[in-house]
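Notes to accompany the following structure.
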Amino acid sequence: MEFIMAITIGALYAAGAYLLLRRNLIKLILGIVFIGHGANLMIFTAAGLRQGEPAFVPPGVSVLPPTSADPLPQALILTAIVIGFGVLAFTLVMAQRADKVIGTDDLDEMKDSDR
Amino acid sequence: MRSLILDTTSRLLMGLLLMFSFFLLLRGHNLPGGGFAGGLVAASAFALQALSSGPSAARERLFVDPTMLIGIGLLIVLVAGLFGPAFGLPFLTGLWGDTSLPLIGDPGTPLLFDAGVYVVVMGISLLIIFNLAEEEGV
Amino acid sequence: MDMVLLPGIAAIFLTGFVAPLAARRLGDRLGVFLALVPLTVFAAFSTLIPVVVAGGTYQVVLPWVPALGISLSFFVDGLSLLFLLVISGVGTFIVWYAAGYLQGDRGLGKFYLYLFSFMGAMLGLVASDNLILLFVFWELTSITSYLLIGYYHEKERSRAAALQALLVTGGGGLAMLAGFILLGRIAGTYEISTLLELDPSGFIGHALFPVALVLILLGAFTKSAQFPFHFWLPNAMEAPAPVSAFLHSATMVKAGIFLLARLHPVLADHALWLSIVAPVGAFTMCAGVILGLGKRDLKQILAYSTLSVLGTLTLLLGLGTPLAIKACMIYFLAHALYKAALFMTAGSIDRETGTRDVDQLGGLRFKMPFTAGAALIAAWSMAGIPLLLGFVSKEYFYKALLDADGPPYLWEILGVGASMVMFALAVLAGLRPYFGKLVKTPKPPHEVPWTMWIGPVMLGVLAIYFGMVPGWPGDFLIGPAVQAIQANPAPLSRLALWHGWNAALFLSIVTVLGGLIVTALSRKVRSAEGFYGVLTRVGPERAYERGLAGFLRFSARLTRLIQNGYLRNYILVIGIFTALLLLSRMPDTPFRMDFSRMVPPTVLGVGACALIVAASVIVCRAQTRFAAIVSLGVVGLGLAILFFLFSAPDLAMTQILVEALTIVLFVLAFYKLPLMTHRSSLVTRWRDAILAIGFGGIMATMAMIAFHFEVSQPPISTFMGENSYPAAHGRNVVNVILVDFRALDTLGEVTVLAIAALGIYAMLKFRRSKKDPPQP
C-alpha cells in the first residue's frame, strides 16, 4: 500500500508543480494547495501505515500499544492542515484583491504591477 | 440567492452543529476531536448561516465580533499556560484537578488550552468568511 | 583599570546620541555645551603624555571574538597620542564653530550626532591595537563622513559627492581589509603592538607579502586622497565648512597617513614601499598645488592645497629616513593647526558675504577683524615664514629632502616648487579676501559670532607658540610619535626655530621669493581655463564616472534578466534546483523496495488513491474554476479517506472540515466563476507537464526512501505513547501532543493564524483611498 501511496504523492506533487507553472492566478493557488497535500501525505506514509490501530491508549491500559500508529506525524500533519487552511485563505484574499485592483488574473499581466 | 428551505434548515442545523462542536472539544482528549476540529465545526455552523441568510444575519446570531473571538481565544490559551508559572512550574505545564468527569475525563489546563484553540480557530474562520461574504455582497 | 581611553571614546559616541534629544531643549546653545565633552576628553588624553614621553605604551584589552584571535584591544603610544590630541583638540573648536555656522539649522542635533560619531570612530581608529578593529573604525569614519558630506542632502551635488567619497574610501577600505588579513596570516598576529615588535625580515620574503602591501597601500591612498584617488576630496567640499575643517584637513584624510606611519616599521623594509609610496606622494604633492592654482573658490583652493600636503606627508613617509619621519610629524601637526583655521575662516566668509570666490572678495579686515587676524596667522604658517610652526615644518621638510637617497636634486626641486605654489595659495586663501579695497559682496559682511572665531584664533595662537618654542611640542608630542614609528629609535636632536645658515634655510628663502612671483602671476594662471579644462577631461574622475555608470547599467541588465517579473520562471528555477539538489543526494541512500514491511493494499485504499490521482488530473485540465474547485474538494476527500483507513481519525475529520470551508472560501472569493482558458501554448503546457511529472517522480522516490529510512534511536513518540495517559491524563495521544506535550507549538500556530486572519481583514477593509498620492 505504501508503494501506491508513494505514486499518489508523486501525482499530487506533479499536479502542484504543473499548476504552479500556469499563468492563471487561481491555478497558482491550487498548486500551493496540492504541494501541501503532497507533503502531508508524504509525512503520513513515511511513518508507516497502520490499519485499525489509531494512536489511542485503550481503556484499561495505561501505555500506548507499540503496534499503534505513530501519533507524532499525525500531530504534525494536523497542524499543517490547519496552517495550510490559513495560508490558502490568505492567498485567496490576496488574489481576489489583485483581481479587483489590477483587473486580471493573468500573472503575466501582473508582472509590471509593482513598478 | 435566498432560499427559504436552506434558510430554515441552516437555523435548525446551527444548534445541532454547535452542540456537536462542543462535544468534539470536550471528548478530544480521549477520543477523536479536539479544539481544531470543534472550532471548525462551530465556524461551519455560522458559515452555513452566512451563506443562506447573509453575513449580517449570521453576525447577529454570533453576538460577538469574530475579531473579539480571536482575542478571547488567545487570552484563554495564554491563561491556560500561565497556570504553570502561578504554581512555580514552567509555562504551559499541564495541571489537573482531582475529580473525574464522564466524557471529559480529568479536567485540567490542557482542556482550557484546547478551548482557547477552539475559540481562536472559530474566530479566524468566521472573520475571513464574514468579511469575504460582505465584500462579495452574498 | 582604564579611566581615560575607552571612557573618553565612549563619552564622545554617547554625546552624539544625546545631541538630537538635547537639541530641542537647548537650541542654538547646544554646540557650546557639547564642545565641553571633547575638551574634557582632550584634557584626559593629555594625562597620557608622561607615559609616552617615558617611552611606554598604554594598553586596554577586551576579548571580542577570541576564536578568531580578534579582540577589542587598544593601545596608545606616541603616534596614537599625537593623533588623539589633535582629533579631540581640533574637534572641540569645530563643535563650537558648528554652533555658529549652523545656527538655526533644523537638523543641528542630527549634525552633531554624525559629527560626534565620526569623532569617536576616528579616536577609536588611531587607538586600535588590532587590525580588524582598526578596519571597523576605518569604515565607520567612511560611513559617518558620507553622512556629513551629504548633510545638505537636498542638493544633488552634495549627495553625489558624498556617494563618491564613500565608494572611493569604502572601496579602498575593503582592499585594506584583505591586505590586513593577508598580513595577519603571514605575520601570525593581528595585534599591531605585537606586529611592531616582530622582526620584519621574518615574513617580508613571503610570496604574498607584496600583495598585502599593495592592498594596504590602496586603503591608505584612497583615504588620504593620493593620486589617482584624489578627486573625491575637492568634491567633498560640498560639505558644511566645519566638516571640511575637521574631516578634510585635520582628521579623516590623515587616517591614511596614520596607517602608513603606524605600519611603517612592518612594511617599509620591502623594496616596493619606497618605489610606490614616495613617487605617489610626490606626484600628489605637485598635482595638488597646480590644480589648486586654477581655482577661484576659497574652499577648493584649500582642498587642493590639502591634497598637496597629504602628498608631502606621504612622500616623507615613503622616504622613511629618521629625519623624514620627524619632518612628517611636525608637518602633520602644523598643517592640522593652520588648515583647520583656514577652513573655518573660509566658512565664515562664505556665511557672512554669500560668496567664496577670491576674485570677488577683498578688504574684509575691518569688517571681520578677528577672522582676518586668525586667517593671517594661519596663512603665515602655511606659507612657511619664520616664527610660526609652519616654518619649522618646512625647514625639516627640506632637511629631509636634502638628506634622502634618490635621483639627485629631484626631491628638492619638486619640494621647493610645490612650496612656492603653496605660498601663493596661502596668500590667496589667507590674505586676498581681507586686504586691498573693500569689494561689494552679495551680503553685507559682519564679524561672525564668537563661537566661530574663537577656534581659528586659538589655533593661530598655538601655531605661534609652537613656532616660537618648538622644543616644547618637539619633546612632548613629536618626539614620542617619531619614536613610535621608527623600528630602531635613534636619539633625535631637539626641535628648534633657528638652525643656523644652512642649505635648508637657503631653500626657504628661495621658496619665499619664488612664492611671491607665483602669487603675482596667479590671476593669469587662474584664467588659463583651457589648460585646466583638459586636465579635468582626462583626469581619473572620468574613469570613476564611467565605471559607476557602467556598473549601474550592468546591474540593471542583470536584474532584468533574473528578476523578469514572470513568477513561473522563478518557480521553474527554484523547482529545477530543488530537484537537482535532491537527485544529487539520492546516491547516498540506496533505493530499496521492501514489500514485506508494507501494509497489503486494500480495495478502499487503492480506490481513494485512484480518486486523488484522477481528480488531480481534472484540476490540471480544468477549463472552469467551478470544475477545478469541485475536483480539489474530491482530492481532499480522498485524503480524508486515506487518513481514516490508516488509523488517523483526527486527521480525517480535520481534513474534511477544512475542505468544506475551503470550498466556501473559494466560492466567496471568486463568486463569479469565469472560464479558465489555456493561456500558455500547447508546447509550453507539454514542457511543463513533463517537468512536473519528473518532479513528481522524484518526490515519489523520496517518499519511498523516507519510508525505508531507519532511525537508530527510539523515536520520541515512544515517550509520548508511554506518558500520554499516566502523566497527561489523555488517551488520544495526538490531541495530548497538541495541547500538552507540544502546546507551545500550538500556541505559536494559533498566533500565526490570528495574524494571518488580521492580515486578511486588513486587506479587505483598508483600501488605499483615491486621494492618496500614487506610490512612486
TODO: Name every residue in the range A:49-61 that is under 15 Å from C:Tyr725 (Cβ atoms) and either at pLDDT 85 or above or not small (Gly, Ala, Ser) (or both), in order of residue number.
DONE: A:Pro54, A:Ala55, A:Phe56, A:Val57, A:Pro58, A:Pro59, A:Val61
- [ ] Identify all residues within the range B:46-59 that are more than 10 Å from chain C (Cβ to nearest Cβ) and within 10 Å of B:Leu126 (Cα to Cα); write none if there are none.
- [x] B:Phe46, B:Ala58, B:Arg59
Open item on the list: Criterion first (in contact with a Ser or Thr (Cβ under 7 Å, 6 or more places away or on another chain), part of a helix (DSSP H, G or I) and more than 7 Å from every other protein chain (Cβ to nearest Cβ)) does C:Ile641 satisfy it?
Closed with: no
TODO: Quick one: in the range C:590-606, of everything that is part of a helix (DSSP H, G or I) and in contact with a helix residue (DSSP H, G or I) (Cβ under 8 Å, 6 or more places away or on another chain), which residue is farthest from the other protein chains (Cβ to nearest Cβ)?
DONE: C:Leu604
TODO: Give C:Ala669, C:Ala689, C:Ala756 a once-over and let me know the one that is surrounded by fewer than 19 Cβ atoms within 10 Å (Cβ to Cβ), at the interface with chain A (Cβ under 7 Å from one of its Cβ atoms) and small (Gly, Ala, Ser).
DONE: C:Ala689
- [ ] Kindly indicate whether any position in the range C:75-83 is assigned to a helix (DSSP H, G or I) and closer than 17 Å to C:Ile94 by Cβ.
- [x] yes
Open item on the list: Suppose we filter A:Arg23, A:Arg97 for residues that are facing chain C (nearest Cβ under 8 Å), touching a strand residue (DSSP E or B) at 6+ places or on another chain (Cβ under 9 Å) and farther than 30 Å from C:Ser724 by Cβ; which single one remains?
Closed with: A:Arg23
- [ ] Tell me, yes or no, whether the range B:60-68 has at least one residue that is more than 8 Å from every other protein chain (Cβ to nearest Cβ), over 22 Å from C:Val750 (Cβ atoms) and under 15 Å from the mean Cα position of the chain (by Cα).
- [x] yes
TODO: State the number of residues belonging to the range C:595-624 that are of a type outside the set (Gly, Ala, Ser), open to solvent by less than 50 Å² (accessible area, probe 1.4 Å) and over 24 Å from A:Arg22 (Cβ atoms).
DONE: 4
TODO: Go through (1) part of a helix (DSSP H, G or I); (2) surrounded by 22 or more Cβ atoms within 10 Å (Cβ to Cβ) one by one and return the number of the condition B:His29 breaks.
DONE: (1)
- [ ] Exactly one condition in (1) free of Cβ contacts under 8 Å to residues at least 24 places away in the same chain; (2) within 14 Å of another protein chain (Cβ to nearest Cβ); (3) hydrophobic (A, V, I, L, M, F, W, C); (4) open to solvent by less than 50 Å² (accessible area, probe 1.4 Å) is not met by C:Ala549; state its number.
- [x] (2)
Open item on the list: Any residue at all in the range A:24-37 that's more than 17 Å from the chain's Cα centre (by Cα) and charged (D, E, K, R)?
Closed with: no
TODO: Please identify the pairs in which a residue from the range C:710-732 that is modelled with pLDDT of 85 or more has its Cβ atom under 7 Å from the Cβ atom of a residue that is exposed (fewer than 11 other Cβ atoms within 10 Å of the Cβ), counting only partners at least 6 apart or on another chain.
DONE: none
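Listed here are the residues, each with its yes/no results for (1) modelled with pLDDT under 90; (2) open to solvent by less than 70 Å² (accessible area, probe 1.4 Å); (3) facing another protein chain (nearest Cβ under 8 Å).
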residue: B:Gly73; (1), (2), (3): no, yes, yes
residue: B:Gly81; (1), (2), (3): yes, yes, yes
residue: B:Pro90; (1), (2), (3): yes, no, no
residue: B:Gly97; (1), (2), (3): yes, yes, no
residue: B:Ser100; (1), (2), (3): yes, no, no
residue: B:Leu103; (1), (2), (3): yes, no, no
residue: B:Gly108; (1), (2), (3): yes, yes, yes
Open item on the list: Tell me yes or no: at least one residue of the range C:96-107 is open to solvent by 10 Å² or more (accessible area, probe 1.4 Å), basic (Lys, Arg) and part of a helix (DSSP H, G or I).
Closed with: no
Task: Residue satisfying all of: in the range A:69-84; of a type outside the set (A, V, I, L, M) and more than 7 Å from chain C (Cβ to nearest Cβ); most open to solvent (accessible area, probe 1.4 Å) among these - done: A:Gly84
Open item on the list: Residues to consider are A:Val63, A:Val87; find the one that is under 14 Å from the mean Cα position of the chain (by Cα), open to solvent by 50 Å² or more (accessible area, probe 1.4 Å) and either of a type outside the set (Phe, Trp, Tyr) or within 7 Å of another protein chain (Cβ to nearest Cβ) (or both).
Closed with: A:Val87
- [ ] May I ask you to verify whether C:Thr321 is under 25 Å from C:Pro242 (Cα atoms) and either touching an Asp or Glu at 6+ places or on another chain (Cβ under 6 Å) or among the hydroxyl-bearing types (Ser, Thr, Tyr) (or both)?
- [x] no
TODO: State whether one or more residues within the range A:20-32 are assigned to a helix (DSSP H, G or I), of a type outside the set (D, E, K, R) and touching an Asp or Glu at 6+ places or on another chain (Cβ under 6 Å).
DONE: yes
- [ ] List the number of the failed condition for C:Thr701; all other conditions in (1) among the hydroxyl-bearing types (Ser, Thr, Tyr); (2) over 26 Å from A:Tyr18 (Cβ atoms); (3) assigned to a helix (DSSP H, G or I) hold.
- [x] (2)
- [ ] Collect the residues in the range C:427-471 that are under 12 Å from C:Phe93 (Cβ atoms) and buried (at least 17 other Cβ atoms within 10 Å of the Cβ), keeping them in residue-number order.
- [x] C:Thr451, C:Met452, C:Trp453, C:Ile454, C:Gly455, C:Pro456, C:Val457, C:Met458, C:Leu459, C:Gly460, C:Leu462
Open item on the list: For the range C:193-222, give me each residue that is open to solvent by 20 Å² or more (accessible area, probe 1.4 Å) and free of Cβ contacts under 8 Å to residues at least 24 places away in the same chain.
Closed with: C:Thr194, C:Glu197, C:Asp199, C:Gly202, C:Gly205, C:His206, C:Ala207
Open item on the list: So, in the range C:381-405, how many residues would count as being open to solvent by less than 50 Å² (accessible area, probe 1.4 Å) and more than 21 Å from C:Ala463 (Cβ to Cβ)?
Closed with: 2
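The values are calculated or read from the model by the stated rules, or taken from the named source; none is laboratory data. All figures in this text were calculated on a predicted structure; none of them were measured in a lab. We place every Cβ from the backbone using ideal geometry, glycine too, and count neighbours over all the protein chains shown. Protein only, heavy atoms only, side chains kept; ligands, DNA and RNA dropped before computing areas. Shrake-Rupley method; radii C 1.70, N 1.55, O 1.52, S 1.80 Å.
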